[in-house]
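As structure tokens, the structure follows; a few thoughts come after it.
Nothing in this text is a laboratory measurement; each read-out follows from the coordinates by a stated rule. In this text, all values refer to a predicted model and were calculated from it rather than measured experimentally. For neighbour counting, all protein chains shown are included, and Cβ atoms are generated from backbone atoms with ideal geometry for every residue, glycine included.
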There are 4 protein chains.
Amino acid sequence: MKNTYGESVSLTLFGESHGPAVGAVIDGLAPGIPVDNDFIRAQLTKRRPSGRISTSRVEDDEFEILSGVFNGFTTGTPIAISIPNKNVRSADYSDVSRLARPGHADYTAHLKYHGFEDFRGGGHFSGRLTAAVVAAGAIFLSALKAKGIAVGTHIKACAGIPDRAFSDIPSEIEALNAMNFAVLDRETASVMTAKIEAAAKDGDSVGGILETAVIGFPAGVGEPFFGSLESKLSAALFSIPAVKGVQFGDGFALSGLTGSLSNDPLEVSGGKIITKTNRNGGINGGISNGMPIIFSTAIKPTPSIFKQQDTVDYLKNENAVLSLKGRHDPAIVHRARVVQDSITALVLCDELAQRYGTDTLMP
Amino acid sequence: MKNTYGESVSLTLFGESHGPAVGAVIDGLAPGIPVDNDFIRAQLTKRRPSGRISTSRVEDDEFEILSGVFNGFTTGTPIAISIPNKNVRSADYSDVSRLARPGHADYTAHLKYHGFEDFRGGGHFSGRLTAAVVAAGAIFLSALKAKGIAVGTHIKACAGIPDRAFSDIPSEIEALNAMNFAVLDRETASVMTAKIEAAAKDGDSVGGILETAVIGFPAGVGEPFFGSLESKLSAALFSIPAVKGVQFGDGFALSGLTGSLSNDPLEVSGGKIITKTNRNGGINGGISNGMPIIFSTAIKPTPSIFKQQDTVDYLKNENAVLSLKGRHDPAIVHRARVVQDSITALVLCDELAQRYGTDTLMP
Amino acid sequence: MKNTYGESVSLTLFGESHGPAVGAVIDGLAPGIPVDNDFIRAQLTKRRPSGRISTSRVEDDEFEILSGVFNGFTTGTPIAISIPNKNVRSADYSDVSRLARPGHADYTAHLKYHGFEDFRGGGHFSGRLTAAVVAAGAIFLSALKAKGIAVGTHIKACAGIPDRAFSDIPSEIEALNAMNFAVLDRETASVMTAKIEAAAKDGDSVGGILETAVIGFPAGVGEPFFGSLESKLSAALFSIPAVKGVQFGDGFALSGLTGSLSNDPLEVSGGKIITKTNRNGGINGGISNGMPIIFSTAIKPTPSIFKQQDTVDYLKNENAVLSLKGRHDPAIVHRARVVQDSITALVLCDELAQRYGTDTLMP
Amino acid sequence: MKNTYGESVSLTLFGESHGPAVGAVIDGLAPGIPVDNDFIRAQLTKRRPSGRISTSRVEDDEFEILSGVFNGFTTGTPIAISIPNKNVRSADYSDVSRLARPGHADYTAHLKYHGFEDFRGGGHFSGRLTAAVVAAGAIFLSALKAKGIAVGTHIKACAGIPDRAFSDIPSEIEALNAMNFAVLDRETASVMTAKIEAAAKDGDSVGGILETAVIGFPAGVGEPFFGSLESKLSAALFSIPAVKGVQFGDGFALSGLTGSLSNDPLEVSGGKIITKTNRNGGINGGISNGMPIIFSTAIKPTPSIFKQQDTVDYLKNENAVLSLKGRHDPAIVHRARVVQDSITALVLCDELAQRYGTDTLMP
């Protein structure tokens, strides 16, 4: 499978940045889940660029549900969602010269598709496809919510500026999900946006780290080895353009500790078995342990920058200098977090359906 | 799929730490690949514990190939490998009380398998299964080598002590593959082992970071989104017990840079398109760009420590104190690197077979 | 995977009979394949009902390609096709009583989807979805044709009237593909249509057998056991609504022969190894042998009939009598053959891409 | 996947006729299922050749369970089963000439594996591998039995001699499962065996039809289109060597009926919805309807016959005449039925686990 994730609940992506539409097909999701178009719209809004910290290409992201929803509820059969591309400026493109944008997939797509790729605006590799992920994700998040499972992501770092750590996860998830620029320490937001604006002014871009917390997910879900929860989540998370790292719990920081510090001691608390710390991010041996599931991703700086860059013309096989024009994001970390929530919800829905059956997500 | 990785070339794992055998079934590997039992043995030796920095349970790891090899070559049909467990001390286990070892899968396995799991020595969740990964991996590595593709891993950090970075990858891969304790800066080895021994003396354990480099892998391999090379590699790498993070190229460090620094500028060099730097680890948009593929994993400290730990008896649902006895590794990072090479080779074989067909790995 | 077929080249179906659209997403198909909208239209025309032997619900089947085609060629990324439903008569449906149409999926869909299914016109189980299969199939058939592989299907039997057997397959495939009612013996066509019309007049319906021949498919493609060509083809063919049997070569007739008659003796002919007969349908041990691939399917009579039928009201759990109204096909065997060609082409494209790599279908 | 079937519960096969062992790995089966070695042995006995109607190569089929069973119960982790080959006569084989046995996979395996295949006794394509299917199948059948699901197969026809139809399925399944030569009309057995013996005497072989009935399987299981129960069962059944046709319910006979005869009318009986007839074999729209699931397979005559046959030497690319020596079955239909039961049980376990979750088969 190439553009499809999932075994019991699956998501298939399609579309190009400058083609007629981007979209997704959900399959295997239980029947009877209410589909709230307003919530889908609200989620798409979080992903949509706005202000000086984003590109000025703004799509209205009007989506059409082509199948799988009847009388406002999922039917259990495939849900196809299409989001037409409207605000497209497909200038004339040269057929004899083409410059690879460094950090983008232009050149690798060319190698793979032998020149038949739709290269306009990154084509199928464009972040534009994440609009489809977010629309589908809204349905997954609704399904989880009805089961008492909440997902939230904060910008753990942006342009080197750190946010504070999670402390009271349930309320923080709720707060984060109401924000457009999702940070735990609200004062960081202005420092981060200032950094993004400064980079934008400089014709440059910045990256960041996104940390996600999941609460309410049952213990005992996941598989050993290749089917581990970490394997599943990371496979899906690395499909988000710009993600270059994934870690669970304290992740790379664990590698410098001793076992006596990194092991999470267990205890019985209120009759329930928990761990006193959660450095392993709620997963042991690939299986959920009932603690919050915590992971973070490294988001590299947006590769589209206005600074002049050395590159090649891959049709002519010649060195070249690139000066990008057009509309670009100086950062996408604040927009990507709703994509990360959506991808997370997809994986969790699939895991629950595998573990407890195809009806398990019925409200 | 649970204990199986791969679409065109696949690996299925089986076994328990204290059961009759651990093993693996390879399917889809091309016919005609020479199977060198001595190389398999040599690889198993790298994984085998030795000296004061490892457990004293030493298995001879005599493997049997039950199928798929004929006259010394792969046949193209499934290769089953069994490695009997011999040095097993299955003491009497209590049926009325059982203490979860913190950081292990004891409790999560119990939740998932409802008490039917073979809990002895971690059962199916034991690092013992990586012996099967390494035996299979030797065959994958041989197949890649015949195609000019080399894989090597160094201990980038252990107990907080860093190794130096890759500089001349081809010769360094060769050197690393000849070492038992694989570091680029040979002097670091003694510092790291001293740290491991100190932790052992203290009844504690340490972790580390493993960094892998792949050279000779063709450009234009991989898929967008869910089928990205990063998705595939990370899914497989997170199946190695103790891995809690995976990053490509500069990974998390990229998140603090600006785009003008993190984008790898391209140039034509000797008629070939390359990037001047390789901060993205040889992958753009999920597809290989022809540069070395570089990634690293966070290996948490071995959870089995001799220090007394707070835990629970999960049969009785009571708090308890655990004092481990037996034979345990104060570090596994030095043993895990051959597992990482093996897993990497599996993924690359699968990617090549998907991209170029089932015969592509024939020498 | 539920509504998805294929590993290297895949097809995902979506839609309901009375919803906004039916459609499909193709993934993994090679770049550079010309997409001929006229051919897609011509194929859809073969599936479209016409005359007294078909339903009077006629859709214009105007399709939109939402992605994956650029400048008239496949890009290599997902191709989404949507076919809006236009000629829909969604009468008021009762919420308190609902009669299962015998032979349809009404009742089983209700059991599976707990009442949330879109039951109008059979919903997702409607033969209407095969329009999407045919549109996608046109692209698969074009890809195969460029590789010298031709697929053709004749109505081997309809309402008990047999067609003659294949004799000169290459010219016969060409002739069949130009027909609307595909038979080898043109005189049978009028006898068969008379039978269909008689059944229609009687408020009843008839079934038939569809036999497909494939030429030009390379030898040595397929896998042993679960990956056999027969397994793959049958799995896909049984997804066509109304197919209740699949056989390869002489199929069930082989079971009554002796080995000396059913074995196809081999010979060298013109330097090439062939079989003198082809009772096994071009497949031995699950792998193509270079002879034409031949198989046939049993198409049951269309379940929608105007004769009064005993059934149940599955909302009330009561016996009932059903008198169907509306627009229905007295036979679908003549329309289904282009679906069978399409499904066959999907499977063969997937097999070739798995065997020879993702670029193999580039012209 | 090549030698693997299944999504939630899977089976992977390995081995060659003359290699060290044949075997299987089961994954995803629920924990807590009792593993009854005597029942596995009894099932293997049904598959084992005996008397004049079978080959004289008799293996004792002593199996070893290498993993996944602990204290007599499944653990939920992979179950590896190995059955060593003992009674092997691997005579010297020529390296310069090799005759394709007509009807076998010798030549197609050679095309696919380029001469590296283990050709001795058919290698990986040998019916010997079905011993591993039967051993695994015994565990699947036990799991189903504990859930009230029974599977039984009769020889519906052998050498053209028909058995009578099912009439009282529950008691007939029980009776069939106690027989070595499984027919409903016991008097047919002697007629059939006489036919087999006559063919054997003549150096020839015969085929047959196997019909399977399943009772107790819940309604509402299966998926539309590519995930239909018919798709799943047929894909698995066509992996049995010698199967050339699969039909559900009345199958090909349905194609000659009218809709008023082939539709199964529904009725409420004892408060439960059933169909008055079961011509569709318990499946509508790919989903079980609660009636017995009925299907049959066409088993071609055993291709190994002693009559002289025209063939080719595929190493020399020359015509040749083949006179087989050795030990061969004049019929395998009576041995194959326990394979068919086993394959059926595999598919049903997988379907149930997908539908109701991974614990659903716990007793």
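Label-to-label distance for B:A178 and C:A175 is 7.2 nm, based on points extended 7 Å past Cα in the beta-carbon direction. Relative contact order (percent) for region C:176-310, with alpha-carbon contacts under 8 angstrom and 6 or more residues of separation? It rounds to 37 percent for region C:176-310.
A simple spin-label model places the labels of C:A194 and B:S269 8.0 nm from each other, with each point 7 Å out along Cα-to-Cβ.
Distances between equivalent label points of A:G115 across the copies, with each point positioned 7 Å along Cα→Cβ, amount to 3.8, 6.1, 6.9 nm, shortest listed first. What residue among B:K232, B:K325, B:K147 shows peak mean-square fluctuation when chain B is described by a Gaussian network model with Cα springs under 10 Å? Judging by the Gaussian network model, the answer is B:K325. Between B:I26, B:G222, B:S304, whose Cα lies farthest towards the positive end of the dipole of region B:4-356 when Lys and Arg beta carbons carry +1 and Asp and Glu beta carbons carry -1, centred on the Cα centre? Among B:I26, B:G222, B:S304, the one farthest towards the positive end of the dipole of region B:4-356 is B:S304. Of the chymotrypsin sites (Phe, Trp or Tyr not before Pro) found in region D:1-96, those that fall in a DSSP loop while having at most 12 other beta-carbon atoms within 10 Å are D:Y93.
Rounded to the nearest 0.05, the FRET efficiency derived from the C-beta distance between C:R52 and C:K325 at R0 = 25 Å is 0.90.
Under the criterion of Cα pairs below 8 Å and six or more residues apart, the relative contact order for chain B equals 24 percent. Distance from the C-onto-B rotation axis is smallest for the Cβ of the chain C residue given, in whole Å, as C:G357, 2. Of the residues D:S142, D:V9, D:H154, the one whose Cα sits farthest towards the positive end of the charge dipole of region D:1-158 is D:H154 (charges of +1 on Lys and Arg Cβ, -1 on Asp and Glu Cβ, taken about the Cα centre).
Select from A:K307, A:K244, A:K272 the residue whose mean-square fluctuation is largest in a Gaussian network model of chain A (Cα-Cα springs shorter than 10 Å). Fluctuation is largest for A:K272. Sorted from longest to shortest, the spans of the Cα atoms of region D:4-356 along the three principal axes equal 70, 50, 37 Å. Considering helices alone, the calculated mean residue ellipticity of chain C at 222 nm is -8500 deg cm²/dmol, with DSSP H runs of length four and up weighted by -39500 (n - 2.57) and normalised per residue. Can you find, among D:P241, D:P265, D:G208, the residue farthest towards the positive end of the dipole of region D:4-356? Put +1 on the C-beta of Lys and Arg, -1 on that of Asp and Glu. Checking the options against the dipole of region D:4-356, the answer is D:G208.
Scaled against the 2.2 N^0.38 Å expected of a compact globular protein of N residues, the Cα radius of gyration of region A:289-328 reads 2.09.
Result for chain A in a Gaussian network model with C-alpha springs under 10 Å: among A:D341, A:D329, A:D313, the largest mean-square fluctuation is at A:D313.
Within the straight-line cut-off of under 14 Å between alpha carbons, the aspartates and glutamates reachable from C:K86 are C:E16, C:E59, C:D60, C:D61, C:E62, C:E64, sequence neighbours fewer than 8 places apart in one chain being disregarded.
About its Cα centre, the protein assembly as shown has a charge dipole of approximately 0 debye under the convention of +1 per Lys or Arg Cβ and -1 per Asp or Glu Cβ, with nothing else charged.
Counting only the Cα atoms, the protein assembly as shown fills a convex hull of 161 Å³ per residue. With the label put 7 angstrom out from Cα along the Cα-to-Cβ vector, C:K316 ends up 6.3, 7.9, 7.9 nm from the copy partners, going from closest to farthest.
Summary of the geometry: region C:121-191 and region A:236-282, compared by the centres of their Cα atoms, lie 58 Å apart.
About its Cα centre, the dipole of chain B is roughly 540 debye, where the only charges are +1 on Lys and Arg Cβ and -1 on Asp and Glu Cβ. Computed from label points 7 Å out along Cα-Cβ, the spacing between D:E64 and D:V88 is 1.4 nm. For region A:25-99, applying the loop criterion from DSSP together with a ceiling of 13 other beta carbons within 10 Å to the trypsin sites (Lys or Arg not before Pro) yields A:K86, A:R89. Across the identical copies, the label point of B:K272 (7 Å from Cα in the Cβ direction) is separated from its matches by 4.0, 5.6, 6.9 nm, in order from shortest.
Rounded to the nearest 0.05, what FRET efficiency do B:F39 and C:V96 give with R0 = 51 Å and r taken as the Cβ-Cβ distance? Could you check? For B:F39 and C:V96, the calculated efficiency is 0.10. For region A:204-363, a Kirkwood radius taken over Cα pairs fed into Stokes-Einstein (10 °C, viscosity 1.306 mPa s) yields D = 87 µm²/s.
Taking the Cβ-Cβ separation of A:N317 and A:L261 as r and a Förster radius of 60 Å, what is the calculated FRET efficiency to the nearest 0.05? The calculated FRET efficiency here is 0.70.
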